[in-house]
Structure formats: structure tokens, C-alpha cells
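This report concerns only the one structure given below.
What follows is calculated from the coordinates using simple rules that are stated; it is not laboratory data. Note that the structure is predicted; figures quoted are calculated from it, not measured. So basically every Cβ, Gly included, is an ideal-geometry build from the backbone, and we count neighbours across all protein chains shown.
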Amino acid sequence: MNCEKLELSHKDILFHKLKSINTMISEYNFANLYLFRKKHQYHVCKTKFKNNDYLLVKGKTYDNKVYFMPIFEINENTVDFFKNLQDEVDYIFPIDEKWLPFFQEFNHYYYDGDSDYIYTVEKISSYSGRKLHKKRNLVKQFKTLYEVEVKPLLKNDTENAKKILEEWINENSFTKEETDFFECLEALDLLEELVLCGLIYYVNGKPAGFIIGEEHNQDLFLIHFAKGLKKYKGIYQFIYNDFAKKLPNKYKYLNFEQDLGQMALRKAKSSYHPDILLKKYRIKLK
């Protein structure tokens, strides 16, 4: 097996292969892999089994387990290949629940902290219903209190986005290393290279928040980063709502990614009442 550290140059072989895999799981996305390559020690691996070529990403979870992530469509013909891999890693991950029938001879389990929070675009763009009435009220209050300007997040606005990011980290009790600060900073520098897009929000003429994401598949949009300054009450609720309203109609779902087992993130993401809590299974031979 030939493995090398994941680099930006691997976009040429990974980007479209990842897009072609039929799953909503956020890890099956080049920008995610590249931006978090250091935290997860990602490597791109090529190997051959029974005259077939296979592409894998090798990584390490936040709980220090080593895994292989398959960069190909899983089916009944790939089971023997996965059996052959078992001695090299702790497990195969992340595996979509719909692929489990192909792993009858394997044990499988998941951690809540890995699961992706997925919402309908309609829900986030309207905040309709009793459960989300507080979100609606915060958006209404935000619009009343502040004069808001929304612009596409382009190269000439990234310096203002970086100012927001710096102020955001200063508002929080975590260090930069404990958050996604550096990954977000790199995303701002590589918007075009990673095929990312977003919006930046100015409140009373001052940079106040931004959101970055990309198309994951034809009906799902993936949110990589959203940062807003706490001094503007309701800014996150407004950003999500406004961004969802501006998405093309073809997108039916928004993936806000996982909570990493962090209770503050779990509380925040759960408060929007996800339509799908997408489990990511870890697979190990029995």
C-alpha cells in the first residue's frame, strides 16, 4: 500500500470521486478532508486487491483511533477487500447506515458526537412552527435593532472576515487550537481553490459575521463554517435564515456537520431541531 500525506494537489484525484459517492456524510468532501488534514493526520492511500485498484484516506479520530475511509462506492463486491484491511487499522469509518447490509460479518457502532445535523432548507429559511418561534423572534429583533448589509464573500472581503474570526476567538474561552480557528482561516485564504462560497454580514457598517459552505451533492448544501459576534444578539439565527433563503431552489437540505461531543455545540445545533441526525458507523470485523 502506498500512502502519502494529503495535500492540496490531491484535489485532482479526490474531489470528483468524493462527490460521486452517494452519501450525505460531511467527511466525503475534499475541502473538509484538506482543511482538517492536520488534526486527523490524513493520508491518501492507493492499493491493489484481486487485480482491482482501491483509493482510501487514512485518518485518526478525535479519540485517537486509526481508520480507513473508502473513496469508492461500497457494494457486495468490496466486502473481501475490507476484510483484508482489518489488521492495518482500528476500523473502517465513516460508514453510512444504508451501507450496513454489506457488512453482515462486521461489528458496527457509532458515537453521537460524530453524527451530522441535517435540516431542510425550508425549515431554516422560515423558522416556522412552535418549536422555532424563538428563532423567528430573534431574527425579527435583529432586523429591528440593526442596519444589515449582506455581500458575497469574495477575495476582497476576506480580510474583514478574518477580523471577525479574530474577534470571535477573543469572545470565547477556548484557545485557537481548541477550535476550528486555523481551519477557518485557511478556508478564507483558499475559497476559490477549494470551490467554497459564502456570505459576509455587516452590521451598522462593521464586519459582524460570515458563513462558508459548498454544494455537497445535487440537493444538499454543506456548511463548513459560520462565525458571528455575540454582541449582535440574534446574529447566528439571522445568518442561517438569510443564507437558506438565498440558496438556489434545487437544494433541499443543509448539513451543519457534527458536534464533536461538545455540549455547547450539541445544545446549539439541537435547538434548530434537525430533520436528520445522520449516524456515521465504525466498522470492525467480528
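Exceedance of the 29 Å cut-off in Cα-Cα distance is limited, within the set K176/K267; K19/K284; K131/K163, to K131/K163. Ranked for footprinting exposure by Cβ neighbours inside 10 Å, fewest first, M1, M69 give M1, M69.
Taking amide hydrogens as placed 1.01 Å from N in the peptide plane, the amide H of Y111 sits under 5 Å from those of K280, each at least 5 positions away in sequence or on another chain. Residue-wise HN-Hα couplings along region 213-218, as the Karplus relation 6.51 cos²θ - 1.76 cosθ + 1.60 with θ = phi - 60° gives them from phi, are x, 6, 5, 8, 8, 5 Hz; Gly and Pro carry x.
Of C184, C197, C3, C45, the sequence from fewest to most neighbouring Cβ atoms within 10 angstrom is C3, C197, C45, C184.
Quick check: from the Cα gyration tensor, does region 175-232 come out rounded (a/c under 1.5), prolate or oblate? Cα axes put region 175-232 in the oblate bin.
Straight-distance candidates among the aspartates and glutamates for linking to K155, with alpha-carbon spacing under 20 Å and chain neighbours fewer than 8 residues away dropped: E166, E167, E183, E186, D189, E192, E193, E214, E215.
Partnerless cysteines in the chain, where a partner means another cysteine C-beta under 4.7 angstrom, comprise C184, C197.
Phi angles across region 237-248 convert, under the Karplus curve 6.51 cos²θ - 1.76 cosθ + 1.60 with θ = phi - 60°, into 3J(HN,Hα) values of 4, 5, 4, 4, 4, 5, 5, 4, 5, 8, 5, x Hz, Gly and Pro given as x. Placing unit charges on each Cβ (+1 for Lys and Arg, -1 for Asp and Glu) gives region 116-257 a dipole about its Cα centre, and among I212, L138, V195 the Cα reaching farthest toward its positive end belongs to L138. In the chain, the DSSP-assigned H stretches of four residues or longer account for a calculated mean residue ellipticity at 222 nm of -8500 deg cm²/dmol, using -39500 (n - 2.57) per stretch and the full residue count as denominator.
3J(HN,Hα) along region 120-129, derived from phi through the Karplus expression 6.51 cos²θ - 1.76 cosθ + 1.60 where θ = phi - 60°, amounts to 6, 4, 4, 5, 6, 7, 10, 6, 6, x Hz, with x in place of Gly and Pro. Extension gain for I13 to Q262 (0.36 nm times residue separation, less C-alpha to C-alpha distance): 86.3 nm. Can you tell me how region 179-270 classifies by the Cα gyration tensor, rounded, prolate or oblate, using a/c under 1.5 as the rounded cut? It is rounded, given that a/c, with a ≥ b ≥ c, falls under 1.5. The calculated FRET efficiency for T179 paired with H273, based on their beta-carbon distance and R0 = 30 Å, is about 0.75. For the residues Q41, Q262, Q237, a GNM of the chain with alpha-carbon springs under 10 Å puts the largest fluctuation on Q262.
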